[in-house]
Each structure stands twice: as structure tokens, then as C-alpha cells.
2 protein chains.
Amino acid sequence: MLGSFTYCNPTKLYFGKDALDGLNEELPKYGKRVLLVYGGGSIKKNGIYGKVVEILKANGKEIYEDAGVMPNPTHEKLNEGVALARAAKADLILAVGGGSVCDYAKAVSVSVNCDDDPWEKYFINFDEPTCEIVPVGCVLTMVGTGSEMNGGSVITNHKQKLKIGHVFGENVFPKFSVMNPEFTYSLPEYQMVSGIYDIMCHILEQYFSGTDDNTSDYVMEGLLRSLIHSADIAVENPADYEARSNIMWTATWALNTFVAKGKATDWMVHMLGQAVAAHTDATHGMTLAAVSMPYYRYILPYGTEKFARYAVAVWGVNHEGKTQTQTAYEGLERMESWMKKIGLVMNITELGATPEMLDGIVNSTKIMTGGYKVLDGKDIRAILKASY
Amino acid sequence: MLGSFTYCNPTKLYFGKDALDGLNEELPKYGKRVLLVYGGGSIKKNGIYGKVVEILKANGKEIYEDAGVMPNPTHEKLNEGVALARAAKADLILAVGGGSVCDYAKAVSVSVNCDDDPWEKYFINFDEPTCEIVPVGCVLTMVGTGSEMNGGSVITNHKQKLKIGHVFGENVFPKFSVMNPEFTYSLPEYQMVSGIYDIMCHILEQYFSGTDDNTSDYVMEGLLRSLIHSADIAVENPADYEARSNIMWTATWALNTFVAKGKATDWMVHMLGQAVAAHTDATHGMTLAAVSMPYYRYILPYGTEKFARYAVAVWGVNHEGKTQTQTAYEGLERMESWMKKIGLVMNITELGATPEMLDGIVNSTKIMTGGYKVLDGKDIRAILKASY
């Protein structure tokens, strides 16, 4: 842990089959006016909406609604949500959904009492909130982003072809999150698998950085091993509670700031994936999967030692009689086979990217500097070409 | 994660070489009257006391002192501290020291505004605080207990020959902790190594429980591997910042409630070690080390699968061509060799336990039920006999 840092994560988590009861603990702490934020309405079909509304009413709350949050929440939708939250004079924003809904709720929460355009303020200029923040709580129905216990918020601007994340401080973290693994059962397999790879990618973005000796790397190897093990079970049997609960818990700890402490962190796969999504509107985890192998093969020579460590510690590669480079590539081969096996999309063509989009995607890709190689436009083009 | 649980850990951590600057962030949040709690005065020799006092004064604080907290804080000392905190009308209790000082500060914090005898209320009856709690902050100078980010507080009653821990809720957790690995350099090697084993034991107490598949077990394997790696470096060179910082961070995460989630947890080594300490006043980590091997060898047949997993995942035992039992015992042999190598005390005789104390230590040992075998008096006697 060579660097200096602070750590604080005050989000209260209610985890398990009866987690929704946690709302009865939390709701009395806030005023009467609750803005209920959700997505396309699947929570009405699976009954979660009804249960939440019942608990809100039992706690004497007035419910205001903000529905229709899309998988990649847009600038326009954000402006709409801010107007709804203002009209409702919301005391609490309750997000019921996956990471997009939680991300969006946070973006609304820091914009309600703020006159600036939120897209400009937070996602272009990366300003910090200077106005009063409306508290957010989450009821999680999809797993992957870790948004339930962090300050992350990703918004897409289709006109500008940009999908940008702002990582807010602990004052914007959800005050509480309800995590019932059973709430994720009704998710289509495509979404489940996409979420699993989002988790893996979050860990790898933090793992593949630095050459120092850091406790976080050992913890991440543990998280990865648990994730791979549980993902295999969940793909076979999506209603395996233990596997789904392990995946849910791993998602939270992959991105609640803990394993980043003392690390440089990379995030280049996310920059590439988000650029693809800005042009295709494809599912987040799948965009990450589709660019990962080309990216990792491209940077492997610059971080061979860590890739070899990854191969042995996570994928159980036997390194005896092999060079470090051979071991490292063998790890990526195992990872690639596994990704195909669980049903991830391995190229951006399948996600709707056309050759004509290449220039645009290159231009939409933000360059990060914490990985094993700082890419330039030529590198990005080469990686994206290999992703088609 | 088969069980249901809540998780909340609001402690803010300032970590690194300039961590003490964090006091300037935190002190303005509290009133003027600060009770400075510390131990035998080593912080005056190594300069930490002077630095803390300077920052307190620069922040306009009135300083009241409570010195002389002993390694195993006593019931009598606790009563004295409560009287001092009342007289000072403390707005904040600032603990500067190791786990004992932090533990003690928490016990004072829940007793200042309470009429009951704290020993009876919290450590015999395990009541929860019902009175206003004085906030606690910590400046850590010794690593091991994890007290800087949890609700744990252990107090010893020599008359009753009892050393008992109460695990308080998040309202009693330190509001902030300052963690500068350099502050631990001046610690004698005996104390450093004792702290390292305290950390290892905390992890193992949580690891050796249950037969379920739990993400926490994978994380704990990572923490253990990092700890062993860094401990080897720190024993060779106690001023290796990276190793000492990894050990400090591992200590916090070994016992800040994270890795216990969804687990049964054992804690029987602590019960045995605390009973030894109640009769000998020996250093905490050494009492744990001295009883561990006899305990683990005794319970191994009841949890062979987990002990074999431990051998492979943590100690790198090659399991090919071996029975699970052989693999499991080989792991314990590697652990035992390592414990001796880093200088841990491997028997309670060396800690001052005499044969005449045996009956008393057996009687002082509280029986826990979360491990692989629920012990009876006969078992405890056999384990303690093997610990002499």
C-alpha cells in the first residue's frame, strides 16, 4: 500500500432473502416525499414494485414516480428526472433496478438543487456537487455495476456520442441498499452474464496496474476465483441462491472503492467499451467483453509479470517449464475459453458496430494513464479493429 | 452468502505517511474538549504524542489526559477512565496507541453517560449502550486487533480471572482512524510478531467455520497470502514501508466485519488465548499462537475438507497423490514451521502458565459454537495440556 489514501464507505447494506424488510428500518429516517425511480417496468411483472409500494405506504410515504430509466441513461432523461424530483420536492430518491437506475438516481440527487446543466457540470467538467444532495436508497434487481455502494454514475449523451462516468464522493453514495439475490433471478441470461463480466472487468481494471506489492491484488485474486466458481454454477442453474448471492456480494466489493486503495488502476477497457456503447447503445458488460481480449493481448508485453501472476493465481495455470510470457498468454487463453463458455459476446460486430463507426468510436475513447501502457490513437484503432 | 445480514462500517480511514494530517479534517467536527487516551508513554519517546498535541492545539482544542492504559485494559482502569472522561466533559475521545487503547476508549465512550457498572453491563450481561455515546477517534501505533475500524472492546477482570470482548454496533465504531505505517516502526519485534499472529488468527477464526461456498473464504485466502508474504519481509526488515503498510491494511480488513459476513465464525482460539491471558497477563497475539496448533490439530478431523483447502490455497501444498487428511495436516505443518520461523511463542509455559493454573484456565474458557467441533471441558483440558 505505497500510496496515501482515505477510505470511507458509509452505505448500509441489507443482504439476503428478507433484505427488503430493511426498508422499514431506513424509511423512518427520511421525510414523507419519496421519488420512486425505476426502469422499463419489469419490476411490475416480477412483483418487486408491488412489494416496495406496500412498504412505502405502510411507512406513510407519499409516492412520486420516475419510470422509464433506460439501460444507458441519457442526458435528456436525466434532465427529465431532475424536473420530476423538483416537482415532487423529494425527501428521498428510491432507485429500484440495476446499476443504470442507481447511477441515474445519484445523478438526479446532485442536480435537483443545482442550476447548472448536470451533463456539463458533472460529466464534462467533472465538478463536485456544491448544492444540497437529496439522499438516495437502492433496491437492487440486477448485479454488476457496484452502484449500490459507491459514488459512480454513468450518463450517455447520444448527440455528442459520449458515455461518461463521474465518480462522486461518499456524500453521494446510497445511504442504504437492499440486496436480495432472489430479485435477480428473473433477469434474462444475457443480462446476467453481462453483469458477471462487468464485475470481472471491474476487478481486472484495478488488478492490471502497478508493479508494487499490494494486499488489494491478493484480495482481488480471491474475488475473481469466487466469481468464476459461482458464475459457472449460475449459468447452469440461474436459481442457485448461493451462487447468485456470491456473485451479488462480489459485485459490490469489486467496486466499492476497497480494492482500489493504494492501486494505480487502469479503466481502459471501460473507456473502450463505453465508446462502443455510445455508438451502438449495446449492453454495458457485453461491450467490455467484446474489447477485453484484444486489449489485454495488446498490453500483455508491457505487464507480463502481472499477467503471469494472474494466470497462476486465478486460472490455475501450471507455470513449470514455461517462460513468464508463455504462462501469461496461457492465462488469457483460459480466460477467453471461459468467456465463450458462459456466453459472452466476443466481438463488437455482434453488438452492432459497423466498420463505418470505427473512426467515431476511436474519437469517443477517453485515454486513461494508470494501466501498463498509455495508449495513443493508433493503439486504440488497432485494438478496436481486432475487436470487430 | 447463505445467511442474511446487514453491513455498515462508517469509520473514515486516513492511511499513509501523511495520515496524521487527517486530524485537521476531523477535529473541527467535534467540540473543544478532547480526552487524549494513551498507554505507557512510548508515544512520548517516539514523538507521536508531541505531533498529536500540536495538531490538537492548532485546532483550538482543550486537552485532558488519560494515560497508562495497559496492554490488557482492566475493569479498574476502565472505571478510572470513565471518571476522567466525565470530569473532562469530553466531546471527543482520541485514542493514541494500539488495539488495547482503542478498545479501552470505546468502553469508556459507552460508559460516560451511563450509571451502570460497565463491566457488569457490557462484559458480563452483554447489554447494548442505552446512553449517549461520546465519539471516539484513533491514531494507531500498533497493528493487529482491527479495533481501529470495528466495535470490538476487550476488558480484563483480574479478580474474576476473566478477559471478555464485547462487539458493539456501528454507533460505537471509531468515527475516524489515522493509520501511518511508520508509527508502528518503533514497536519491539516481539510486539510486531504478536500483532501479525493476531491478524492471522482473526482471519482463521472466521475461515474455519461452515462448509458452504462463500466469497468471504476466497477473500480471506487472499488476505492470508498477503499477510504471510509481508510478514516474512517485515521480520527481515521492520522498516520496510510496503510490508508494514500491507500488514496494517490486512489487520483492518481482517476484523472490520467484512469477511465475517455470511459466515458462522469460530473464535475458539481467542477464547482459549484470552483465558490464558486472564491468568498470566501475557501478550494477546502470543497467547493465540501458543494454543493454536493444539487446537487446530484437535479439530482438524471435524473440518478436514476446509483444512485441506487451506493447505493448498494458502500454503501451496501440492495435494496430488495425497489423501485429504494428509494434505490438511501438511498445511498445519507448514503453518507451524512458519510460526516458529517468525518468532511466535508456541507454548503457554513460556507465557507464564504453570501446571497449577490449568484448572483455572479451563474454567475461564468460554465455549463458542461456530467452529467445526463444539468443545466440552474435557476437550479444552486436552488442548490446553497440549499447549504447555
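The values are calculated or read from the model by the stated rules, or taken from the named source; none is laboratory data. Remember, predicted model here, so these are calculated numbers, not experimental data. No Cβ is skipped: glycine too gets one built from the backbone with ideal geometry, and neighbour counts run over all protein chains shown.
So which of A:Gly262, A:Gly222, A:Gly273 is modelled with pLDDT under 95 and either out of contact with any helix residue (DSSP H, G or I) (no Cβ under 7 Å at 6 or more places or on another chain) or not β-branched (Val, Ile, Thr) (or both)?
Every option except A:Gly262 fails the conditions.
Does B:Leu36 satisfy the criteria of being assigned to a helix (DSSP H, G or I), under 30 Å from B:Ala277 (Cα atoms) and in contact (Cβ under 8 Å) with a residue 24 or more places away in the chain?
On the way: assigned to a helix (DSSP H, G or I): no; under 30 Å from B:Ala277 (Cα atoms): yes; in contact (Cβ under 8 Å) with a residue 24 or more places away in the chain: yes.
Taking the combined requirement at face value, the residue does not satisfy it.
Are there any pairs with C-beta distances below 7 angstrom linking a residue in region A:305-322 that is closer than 17 Å to A:Ile228 by Cβ to a residue that is among the small types (Gly, Ala, Ser) and crowded, with 19+ Cβ neighbours inside 10 Å, with the two at least 6 apart or on different chains, and if so which?
Cβ pairs passing all conditions: A:Phe307/A:Ala328; A:Phe307/A:Gly331; A:Tyr310/A:Gly331; A:Ala311/A:Ala328; A:Ala311/A:Gly331; A:Trp315/A:Gly331; A:Val317/A:Ala311; A:Val317/A:Gly331.
Across region B:280-300, which residue is nearest to B:Pro188 (Cα to Cα) among those that are touching a Gly at 6+ places or on another chain (Cβ under 6 Å) and buried (at least 24 other Cβ atoms within 10 Å of the Cβ)?
B:Gly285
Does A:Asp21 satisfy the criteria of being assigned to a helix (DSSP H, G or I), within 14 Å of chain B (Cβ to nearest Cβ), at negative phi and acidic (Asp, Glu)?
Values: assigned to a helix (DSSP H, G or I): yes; within 14 Å of chain B (Cβ to nearest Cβ): yes; at negative phi: yes; acidic (Asp, Glu): yes.
For A:Asp21, the condition - assigned to a helix (DSSP H, G or I), within 14 Å of chain B (Cβ to nearest Cβ), at negative phi and acidic (Asp, Glu) - is met.
Conditions tested, residue by residue: (1) under 23 Å from the mean Cα position of the chain (by Cα); (2) closer than 14 Å to B:Val154 by Cα.
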| residue | (1), (2) |
| --- | --- |
| B:Ser100 | yes, yes |
| B:Val110 | yes, yes |
| B:Asp116 | no, no |
| B:Trp119 | yes, yes |
| B:Thr130 | no, no |
| B:Gly137 | yes, no |
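List pairs: first residue in region A:1-16 and more than 7 Å from every other protein chain (Cβ to nearest Cβ) and at positive phi, second residue in a loop (DSSP other than H, G, I, E, B) and of a type in the set (A, V, I, L, M) anywhere in the structure, Cβ distance under 8 angstrom, at least six positions apart or on different chains.
Final answer for the pair search is none.
Just the residues that are crowded, with 24+ Cβ neighbours inside 10 Å and of a type in the set (Asp, Glu), please, taken from region A:204-220.
Within region A:204-220, A:Glu205, A:Asp217 meet the criteria.
For the list (1) more than 12 Å from every other protein chain (Cβ to nearest Cβ); (2) within 23 Å of B:Thr287 (Cα to Cα), I need the number of the one condition that B:Phe168 fails.
Going through the list (1) more than 12 Å from every other protein chain (Cβ to nearest Cβ); (2) within 23 Å of B:Thr287 (Cα to Cα), B:Phe168 breaks only (2).
When only residues in region A:231-257 that are surrounded by fewer than 20 Cβ atoms within 10 Å (Cβ to Cβ) and either under 20 Å from A:Gly151 (Cα atoms) or not aliphatic (A, V, I, L, M) (or both) count, which is farthest from the other protein chains (Cβ to nearest Cβ)?
If we take residues in region A:231-257 being surrounded by fewer than 20 Cβ atoms within 10 Å (Cβ to Cβ) and either under 20 Å from A:Gly151 (Cα atoms) or not aliphatic (A, V, I, L, M) (or both), then A:Pro238 is farthest from the other protein chains (Cβ to nearest Cβ).
What's the number of the only condition in (1) within 7 Å of another protein chain (Cβ to nearest Cβ); (2) within 30 Å of B:Val172 (Cβ to Cβ); (3) touching a residue at least 12 places away in the same chain (Cβ under 8 Å) that A:Leu27 fails to meet?
Condition not satisfied by A:Leu27: (1).
Would you check which residues across region B:48-84 are assigned to a strand (DSSP E or B), crowded, with 17+ Cβ neighbours inside 10 Å and over 19 Å from the mean Cα position of the chain (by Cα) and list them?
B:Tyr64, B:Asp66
Restricting to region A:41-93, and then to whatever is out of contact with any helix residue (DSSP H, G or I) (no Cβ under 6 Å at 6 or more places or on another chain) and among the hydroxyl-bearing types (Ser, Thr, Tyr), can you tell me which residue is modelled with the lowest pLDDT?
Here the residue is A:Ser42.
Within region A:199-218, is even one residue part of a helix (DSSP H, G or I), within 8 Å of chain B (Cβ to nearest Cβ) and touching a Leu at 6+ places or on another chain (Cβ under 8 Å)?
For region A:199-218, residues part of a helix (DSSP H, G or I), within 8 Å of chain B (Cβ to nearest Cβ) and touching a Leu at 6+ places or on another chain (Cβ under 8 Å): present.
Any residue at all in region A:97-109 that's basic (Lys, Arg), modelled with pLDDT of 95 or more, touching a strand residue (DSSP E or B) at 6+ places or on another chain (Cβ under 6 Å) and not in a loop (DSSP other than H, G, I, E, B)?
Within region A:97-109, one or more residues are basic (Lys, Arg), modelled with pLDDT of 95 or more, touching a strand residue (DSSP E or B) at 6+ places or on another chain (Cβ under 6 Å) and not in a loop (DSSP other than H, G, I, E, B).
Check A:Met248, A:Met271, A:Met293 and return the single one that is in contact with a Ser or Thr (Cβ under 6 Å, 6 or more places away or on another chain) and over 25 Å from B:Phe15 (Cα atoms).
Testing whether each residue is in contact with a Ser or Thr (Cβ under 6 Å, 6 or more places away or on another chain) and over 25 Å from B:Phe15 (Cα atoms) leaves just A:Met271.
Check off (1) surrounded by fewer than 15 Cβ atoms within 10 Å (Cβ to Cβ); (2) assigned to a loop (DSSP other than H, G, I, E, B); (3) in contact with a strand residue (DSSP E or B) (Cβ under 9 Å, 6 or more places away or on another chain); (4) among the small types (Gly, Ala, Ser) for B:Ala87 and give me the number that stays unchecked.
(2) is the only condition that B:Ala87 fails.
Given the criteria away from every other protein chain (no Cβ under 13 Å) and free of Cβ contacts under 8 Å to residues at least 24 places away in the same chain, does B:Glu65 qualify?
no
Regarding B:Thr287, is this residue within 14 Å of chain A (Cβ to nearest Cβ), modelled with pLDDT of 95 or more and farther than 17 Å from A:Asp213 by Cα?
Criteria not met by B:Thr287.
Would you check if there is a residue in region B:358-379 being at positive phi, under 23 Å from the mean Cα position of the chain (by Cα), part of a loop (DSSP other than H, G, I, E, B) and in contact (Cβ under 8 Å) with a residue 60 or more places away in the chain?
Checked region B:358-379: no residue is at positive phi, under 23 Å from the mean Cα position of the chain (by Cα), part of a loop (DSSP other than H, G, I, E, B) and in contact (Cβ under 8 Å) with a residue 60 or more places away in the chain.
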